[in-house]
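What follows is a short report on a single structure.
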Amino acid sequence: MMTDDTISQIATPHGTGGIGIIRVSGADAFRIAREVFRPVYGDLAEIVPYRARYGHVHAADGTVIDEAILLPMRAPHSYTGEDVVELQCHGGTVVLREVLLRTWEVGAHPAEPGAFTKRAFLNGQLDLARAEGVMELIAAKSTRAAHAARERMAGALSTEIAAIRMQLLGAIARIEAGIDFPEDDLPELQSAALTEDIRAAAAAAQRLIAGANAGRILREGIKTVIVGRPNVGKSSLLNTLLGMERAIVTDVPGTTRDVIEEEIIVAGIPLRLLDTAGLRAAEDAVEQIGVARTEEHLMDAELVLAVFDGAAPLTQEDRDLIERLRRVTADIIILCNKEDRTAVLDASVFEGLNAPVLTISAARGTGLDALRETIAACIAAMEGDLGDGALPNKERETEALRRAADHLAEAEKALAADMGTDFVSIDLRAAYEILGEILGETVDTDLIDRIFSEFCIGK
């Protein structure tokens, strides 16, 4: 499906670089190439697709803007499914802007964010789930996130959704095939087979729903909060994990007044590390605000690193923290810091928290390998199976799967209650249509526009 207008945009990151690319897509792409580009040898009377040509981009008055390589691609064998040309120029901001403006002068329109991928979707090059994988790959924060995005782009999630829809089509076909039977008198064997189809589809949907958390973790990371009373070594731990001096470390209690957030990768998963203000009865207004924020982050954390001074007995502030930890829903790792000093704190005081207790020295960096291994084990329990890459990590996808699962549950109930195949068919068709939303087959244009507007310019 060729669109009416031809668009162009810079397809590489802005800034200084060796190469920058201007992408042009649409029915007039080859014409625009002929007007702005002159090869060093020969002419462009006949553009040969997929054959690179060296030459220069010229302004309207004939002056050279930049030397470049022209790479033409003929529809439908291009990213967008349309005629596409790429002008590979020098990567300077000024020169790329001049080349881009030149393409606009001769008829191209500015491409909005996500415009090229949107055209790929509209032209059947990608379904919606695969298209969203493109942006996930660009935004990936770890190698595992990048791998999952590539799996999505390759169709891992799409294949799973398509398989469930085929299962539903089979169930609907069983009903249609039995149309000659009275509604309330479905043959027993046919009813059993229909029940099996519905249950298989429901189980597959539930499996994908269970993977939603893993997808979110890969995309967003795990919110990890470092807590403890003042001067137990929270900031030292943050600095050591980061491998740099990010937080100020002093012997003065209450040095950390606000939450400091940084990111590290453990077991291929991003951890959003939050170093918080020490939990105590703060004396000044600024520290009170910091303590209040610590309390907030503690309650919605996914992983808590609770730091205690292993060289000192529990204080009342420590005991208060232990009571707070009993109320959190996050995974907890207890860290007895300052193992380079004589141990005083007994691990038995943490009984009942159902949390591993590790001994470390944040200042010297000892015990951190064991900490990383323990964090990796916690991550593995959170994420489940990431092997197949079929991870619905968008809220709209998870919500659609839940709605489809609800309809499948209703269909099974209707079948078990002998309510008639019409009721069963209605729910099966509803589930089929809802799952089509994930692939973009049954979704409205406003949602499509909103999804692609979140893409970066040039993609």
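The values are calculated or read from the model by the stated rules, or taken from the named source; none is laboratory data. Given the structure is predicted, the values throughout are model-derived calculations rather than measurements. So basically every Cβ, Gly included, is an ideal-geometry build from the backbone, and we count neighbours across all protein chains shown.
Only residues that are at negative phi and either of a type in the set (Gly, Ala, Ser) or not in a strand (DSSP E or B) (or both) were counted across the stretch 2-25, and they come to 16. Among the residues here, Leu335 qualifies as outside any helix (DSSP H, G or I), in contact (Cβ under 8 Å) with a residue 40 or more places away in the chain and touching a strand residue (DSSP E or B) at 6+ places or on another chain (Cβ under 8 Å).
Once the stretch 338-361 is narrowed to residues that are among the β-branched types (Val, Ile, Thr) and outside any helix (DSSP H, G or I), the residue that is surrounded by the fewest Cβ atoms within 10 Å (Cβ to Cβ) is Thr342.
The criterion of at least 2 residues that are among the aromatic types (Phe, Trp, Tyr) and out of contact with any Cys (no Cβ under 9 Å at 6 or more places or on another chain) is met, among helices (runs of 4 or more DSSP H) falling completely within the stretch 96-184, by 115-122. Filtering the stretch 311-361 to residues that are touching a Lys or Arg at 6+ places or on another chain (Cβ under 9 Å), within 23 Å of Ala376 (Cβ to Cβ) and not β-branched (Val, Ile, Thr) leaves Ala330, Asn337, Glu339, Leu353, Ser361.
Of the strands (runs of 3 or more DSSP E) entirely within the stretch 26-89, those holding at least 1 residues that are more than 27 Å from Asn123 (Cβ to Cβ), free of Cβ contacts under 8 Å to residues at least 24 places away in the same chain and among the aliphatic types (A, V, I, L, M) occupy 64-73. Criterion applied to Glu86, Glu132 was being in contact with a Lys or Arg (Cβ under 6 Å, 6 or more places away or on another chain) and of a type outside the set (Phe, Trp, Tyr), and the one residue passing it is Glu86. The listed residues are Ile69, Ile65, Ile32, Ile21, and the only one of them that is closer than 17 Å to Glu112 by Cα, modelled with pLDDT of 95 or more, in the same structural domain as Lys118 (by TED's automatic domain parsing) and β-branched (Val, Ile, Thr) turns out to be Ile21. Residues in the stretch 91-115 that are out of contact with any strand residue (DSSP E or B) (no Cβ under 6 Å at 6 or more places or on another chain), within 14 Å of Thr6 (Cα to Cα) and crowded, with 23+ Cβ neighbours inside 10 Å: Arg102 only.
Of the residues contained in the stretch 398-407, none is found to be of a type in the set (A, V, I, L, M, F, W, C), closer than 30 Å to Ala212 by Cα, touching a residue at least 24 places away in the same chain (Cβ under 8 Å) and touching a strand residue (DSSP E or B) at 6+ places or on another chain (Cβ under 8 Å).
Within the stretch 435-457, residues that are part of a loop (DSSP other than H, G, I, E, B) have Cβ atoms under 7 Å from residues that are of a type in the set (Asp, Glu) in these pairs: Gly440/Asp127; Thr442/Glu433; Val443/Glu437, counting only partners at least 6 apart in sequence or on another chain. Against the conditions (1) surrounded by 15 or more Cβ atoms within 10 Å (Cβ to Cβ); (2) basic (Lys, Arg); (3) out of contact with any strand residue (DSSP E or B) (no Cβ under 7 Å at 6 or more places or on another chain), Arg119 satisfies every one except (3).
Listed conditions (1) crowded, with 20+ Cβ neighbours inside 10 Å; (2) of a type in the set (A, V, I, L, M, F, W, C); (3) within 35 Å of the chain's Cα centre (by Cα); (4) part of a loop (DSSP other than H, G, I, E, B) are all met by Val328, apart from (1).
Taken over the stretch 20-64, the residue count meeting the criterion of being among the polar types (S, T, N, Q) and within 29 Å of Cys456 (Cβ to Cβ) is 1.
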